[in-house]
Amino acid sequence: MEKYSADQDQLLKTFRNACHVFVFTGAGVSRESGLPTFRDLDGEWRQYDPMTFATMEGFLQNPAMVWNMYRSRQKQIAEAQPNPAHITLARMEEHYPEFLLATQNVDDLHERAGSRRMVKIHGDVGQIRCIDCGEIYDAREFELPDEFDENTLPKCPDCSALCRPNIVWFGEYVPQEPLMAAVNAACTCDLMLIIGTSGEVSNGYGLAEYALGHGAKIVEVNPSEGALTHYAHFWVPEPAGIALPRIWEMC
Ligand code: APR
């Protein structure tokens, strides 16, 4: 398999000939919107210990501190704009008869760029979930303070229990419905795009293997090699906000 997409003509032919496209994105697709990734040198997990800020145990030990971190991410996301990568993916969706985008991201930039045929497999930072009854709410239904303390934590309107961000934390199951939609798309696509993910977590979902298993072509867009690069027929080692519009423009 070609590791570097030196053969641009073959790459463009792969896009032109595809009918059923499955796109899998990670934090890198939002990097050019000014949002940090997790594992890069300036990533989220360099600033926040994931065992404190992305586990149920960490949350229960200090819910106000964890809520304050997610509150700041909500504000960061609200101030960010979709970048050319998000916009190009929304345009691709209109072109291909069969298309699904599965994102690990909890921001809403794909939606704001116009993506509709998509699933979020790690939850949504704009949603709040009750830790007891499991009810999920839009965060905008709550008057969330700028700074949480133990007296201002969001409580469930139904059962009054503590609420948490509706995000999949380490050690937790990915919601089955969106994951099965992603698995189904991986098993039926003829082109899989892997964009802006280290594959550190998603490797366990086997999506690239499912796609390869039935002969799909795989294109990865990522400035760095990662855990999924060895599955790719083409690796475009460029930022997604530059590579995707450039490639789509030529298709
Ligand atoms: N364009 C494309 N890719 C980029 C860009 C860019 N402009 N900038 C960085 N990247 C790549 C990095 O090279 C890296 O491979 O984005 C990837 C980000 O990797 P991670 O920080 O590990 O983020 P992600 O893969 O989305 O993490 C998956 O891990 O912590 C959990 O739940 C969290 O959803 C997250 C999951």
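The values are calculated or read from the model by the stated rules, or taken from the named source; none is laboratory data. This is a predicted model, so every value here is computed, not measured. Virtual Cβ from ideal backbone geometry, glycine too; neighbours counted across all protein chains shown. Remember, those area values only see protein heavy atoms, side chains included, never the ligands or the DNA or RNA. Shrake-Rupley method; radii C 1.70, N 1.55, O 1.52, S 1.80 Å.
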| query | Sorted by accessible area with a 1.4 angstrom probe, largest first, how do Y231, Y96 fall? | reply | Y231, Y96
| What length, rounded to one decimal in nm, is gained on full extension from E238 through to M180, with 0.36 nm per residue of separation minus their alpha-carbon distance? | 17.9 nm
| request: Mind ranking E177, E220 by accessible surface for me, highest first, 1.4 Å probe? | output: E177, E220
| Heavy atoms of R164: accessible area, 1.4 Å probe, square angstrom to 10 | 10 Å²
| query | How high is the FRET efficiency from L41 to N68, r the C-beta distance, R0 25 Å, rounded to 0.05? | reply | 0.60
| Can you give the angle from 0 to 90° between the axis of helix 8-17 and the longest principal axis of the chain, with both taken from C-alpha atoms, to the nearest 10? | 70 degrees
| query | Taking amide hydrogens as modeled 1.01 Å from N in the peptide plane, which residues meet the under 5 Å criterion relative to A161, leaving out close sequence neighbours? | reply | C156
| query | Expressed as cubic angstrom per residue, what is the convex hull volume of the alpha carbon set of the stretch 1-145? | reply | 155 Å³
| remark: Long-range share for the chain, i.e. C-alpha pairs more than 31 Å apart as a percent of all pairs, stands at 25 percent
| task | Would you mind pulling out the separation of the Cα centroids of the stretch 27-66 and the stretch 194-251, in Å? | result | 23 Å
| note | log10 I(q)/I(0) for the stretch 154-208, Debye formula on C-alpha points only (no solvent), q = 0.14 Å⁻¹, two decimals, reads -0.55
| message | Can you pull out the GluC sites (Glu not before Pro) in the stretch 1-81 whose DSSP state is coil and whose Cβ has at most 12 other Cβ atoms within 10 Å? | response | E2
| note | Scalar couplings 3J(HN,Hα) for the stretch 127-144 by Karplus 6.51 cos²θ - 1.76 cosθ + 1.60 (θ = phi - 60°), nearest whole Hz, x for Gly and Pro, are 10, 10, 10, 6, 6, 9, 8, x, 4, 10, 10, 6, 4, 6, 6, 10, 8, 6
| Under a Cβ-Cβ cut-off of 14 Å, what is the net charge of the residues other than I136 that fall near it, where Lys and Arg count +1 and Asp and Glu count -1? | -3
| message | From the convex hull of the Cα coordinates of the stretch 129-224, what is the mean projected area in square nanometres? | response | 8.8 nm²
| Fully extended, how many nm does the chain gain between E147 and Q81 (0.36 nm per residue separation, minus their Cα-Cα distance)? | 21.4 nm
| field | Summed side-chain charge close to V168 - residues other than V168 whose Cβ falls under 12 Å, Lys, Arg +1, Asp, Glu -1 | value | +1
| request: Figure the gain on full extension for E249 and D9 (residue separation times 0.36 nm, minus the Cα-Cα span) and round it to one decimal in nm. | output: 85.1 nm
| query | Taking a point 7 angstrom from the Cα of E57 along the C-beta vector, which residues in the stretch 132-172 have backbone N less than 11 Å away? | reply | 171
| note | Using a 1.4 Å probe on heavy atoms of the protein chains only, the accessible area for L212 in Å², nearest 10, reads 50 Å²
| field | Tilt relative to the chain, helix 176-188 - C-alpha long axis, 0 to 90 degrees, to 10 | value | 0 degrees
